[in-house]
Amino acid sequence: MDEKLLALEKFNFWNGNVPSLGFPRTGYTEKIYDYTGNKLIKVLVGQRRVGKSYILRQIAKRLIDDGVNPKNILYINKEFIEFDFISDYKDLEGVLNIYKKKISASGKKFLFVDEIQNIKGWEHFVNSHSQDFAEPYEIFISGSNSKMSSGELATLLSGRYVQFEIFPFSFIEYSGVMQVDISKQSFLQYMEGGALPELFGLPNEETRRNYIAAIKDTVLLRDIIQRHSIKDPRLLEDIFVYLVNNASNLVSITNIVNFFKSHKRNTSYDTISNYIGYITDTFLIHKAARYNIKGKETLTGNCKYYINDLSYKNYLYSGFGYGIGYKLENLVYLELRRNGYQVYTGTLGAKEVDFVATKGDRLIYLQSAYLLPDMQTADREYAPLKAIRDNYEKLVISLDDITLPSNEGIKHVQAWNLPAIL
């Protein structure tokens, strides 16, 4: 019992201890903090290493700053070897009992469990204590794989939760970490690097490349290959590479099957579809379905995929042709998702609109373009938006040095200024 208590003491805020908090991610902490003070389970999801643990600790620190006794907060991170003794929900219950017995804390308690999907049957513990009226708890959890998808959570937690998807650093966060001004130059530097928080503490490009490769290998092995008993691990990785190198392009599973068959790889539609589903479940890749703007319905078949962080492209597969325009489109997609929008790729007859983004009552149509150097290029980029016959917002995002005047109600926005208007 003493060893378990020592593990708890090491990573908690008791006795004046302040665990590492990292760079303040106030955009997330403020949003999550707005949901405190109730029995809803706060669930943070996202790819491994995007900073969920730091955000959980920042929320805990915010609670303490607002008057909560540090001893009323219990934090457990299942990725730390000190907590290897927790394998299922009964072990987790045992840890809670040790905490209550050894740490004198009265009143409501706040439970933080990081990477909870690594605890078998965790939902039994969470459901029980989130609804405990005799001994009140407020629960915050995080996870990184398909067990934490919306569909799974709806089943496991019976609707008593609110979910927050955590992404790598935004451009605004990047500028804060790097202490640089918001500008085209700093945005291009952001685009050509990576935004996973730990990258910024690494000394050189080789170390960063090795770090990104290790994350990719860990996710593919632990979250997919082992979990789903993958029979062809090489194919799984090759599909990931394909999606990275075709991000921002319209593709279909049939296209991918044909691609591999043309390279003498024996596979099937179902296998490719399943493997892509496993990859998107780990948040490495995001899918944007097509949306019929005129018919106002989502479409099956072709869709677009976007990388959760451009570091996979920049550090691992930079030798493949992939223009700045495609990287810009990927960053626009991530910024929309980071700001809470549902994002689709739009179709209007033969025309394609890069993004149809919705949040509440707000709907935005967006085109992403590298540059608009002449009237011919500008006309081509503006044409799909001009063809839309409604009055919702329409934006063209580019890397031009100057902001172009409004064109038939369509606003031009320099990419580094997009966060300010979302």
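The values are calculated or read from the model by the stated rules, or taken from the named source; none is laboratory data. Every value quoted in this text rests on a predicted model; they were computed, and no experiment measured them. All Cβ positions, even for glycine, are placed from backbone atoms using ideal geometry, and neighbour counts span all protein chains on display. These accessible areas exclude ligands, DNA and RNA; they are computed on the full protein's heavy atoms, side chains included. Shrake-Rupley method; radii C 1.70, N 1.55, O 1.52, S 1.80 Å.
Couple of notes before you dig in:
- Index of the failed condition, Arg380 passing every other in (1) exposed (fewer than 14 other Cβ atoms within 10 Å of the Cβ); (2) under 29 Å from Gly176 (Cα atoms): (2)
- The range 118-143, residues that are modelled with pLDDT under 95 and under 24 Å from Gly22 (Cβ atoms): Asn118, Gly143
- Single unsatisfied condition, Ile215 versus (1) open to solvent by less than 20 Å² (accessible area, probe 1.4 Å); (2) assigned to a helix (DSSP H, G or I); (3) within 22 Å of Arg338 (Cβ to Cβ); (4) touching a helix residue (DSSP H, G or I) at 6+ places or on another chain (Cβ under 7 Å): (4)
- Exactly one residue out of Lys52, Lys4 is among the basic types (Lys, Arg) and more than 15 Å from Ile141 (Cα to Cα): that is Lys4.
- Unique residue being open to solvent by less than 60 Å² (accessible area, probe 1.4 Å) and closer than 20 Å to Glu123 by Cα when the list is Val50, Val43, Val68: Val43
- Across the range 25-36, the number of residues qualifying as in contact (Cβ under 8 Å) with a residue 40 or more places away in the chain and either among the aliphatic types (A, V, I, L, M) or open to solvent by 50 Å² or more (accessible area, probe 1.4 Å) (or both) comes to 4.
- Residues satisfying the stated conditions in the range 104-120, i.e. closer than 18 Å to Ile59 by Cβ, part of a strand (DSSP E or B) and not aliphatic (A, V, I, L, M): Lys109, Phe110, Phe112, Asp114
- Taken as a whole, the structure leaves Asn77 outside the set of residues that are free of Cβ contacts under 8 Å to residues at least 60 places away in the same chain and either open to solvent by less than 50 Å² (accessible area, probe 1.4 Å) or among the hydroxyl-bearing types (Ser, Thr, Tyr) (or both).
- Cβ pairs under 8 Å, 6+ apart, first in the range 264-293 and more than 17 Å from Arg49 (Cβ to Cβ), second in a loop (DSSP other than H, G, I, E, B) and open to solvent by less than 50 Å² (accessible area, probe 1.4 Å): Tyr275/Ile230; Tyr278/Ile230; Ile293/Ile388
- Among (1) more than 21 Å from Phe11 (Cα to Cα); (2) touching a strand residue (DSSP E or B) at 6+ places or on another chain (Cβ under 6 Å) - the single one Leu111 does not satisfy: (1)
- Pick from the range 269-305, criterion of a type in the set (Ser, Thr, Tyr), touching a strand residue (DSSP E or B) at 6+ places or on another chain (Cβ under 9 Å) and closer than 21 Å to Asp217 by Cβ, ranking: surrounded by the fewest Cβ atoms within 10 Å (Cβ to Cβ): Thr280
- Given (1) open to solvent by 30 Å² or more (accessible area, probe 1.4 Å); (2) within 30 Å of Phe169 (Cα to Cα); (3) out of contact with any Ser or Thr (no Cβ under 9 Å at 6 or more places or on another chain), number of the condition Asp91 does not satisfy: (2)
- Residue within the range 319-339 that is without any contact (Cβ under 8 Å) to a residue 40 or more places away in the chain, in contact with a strand residue (DSSP E or B) (Cβ under 9 Å, 6 or more places away or on another chain) and either open to solvent by less than 30 Å² (accessible area, probe 1.4 Å) or at positive phi (or both) present: no
- Here the strands (runs of 3 or more DSSP E) wholly within the range 295-402 that include at least 3 residues being at pLDDT below 95 are 297-307.
- Of residues in the range 144-194 being at pLDDT below 95 and in contact with a Phe, Trp or Tyr (Cβ under 8 Å, 6 or more places away or on another chain), the one nearest to Leu284 (Cα to Cα): Ser144
- Residues located in the range 142-165, provided they are over 15 Å from the mean Cα position of the chain (by Cα), touching a residue at least 60 places away in the same chain (Cβ under 8 Å) and outside any loop (DSSP other than H, G, I, E, B): Leu153, Leu157, Tyr161, Val162
- Options Leu63, Leu44, Leu8, Leu56; residue that is over 30 Å from Thr155 (Cβ atoms) and touching a residue at least 40 places away in the same chain (Cβ under 8 Å): Leu8
Here's the yes/no breakdown for (1) open to solvent by less than 30 Å² (accessible area, probe 1.4 Å); (2) at positive phi; (3) within 22 Å of the chain's Cα centre (by Cα); (4) polar (S, T, N, Q):
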| residue | (1), (2), (3), (4) |
| --- | --- |
| Glu352 | no, no, no, no |
| Leu385 | yes, no, no, no |
| Tyr392 | no, no, no, no |
| Ser398 | yes, no, no, yes |
| Leu404 | no, no, no, no |
| Ala415 | yes, no, yes, no |
| Ala420 | no, no, yes, no |
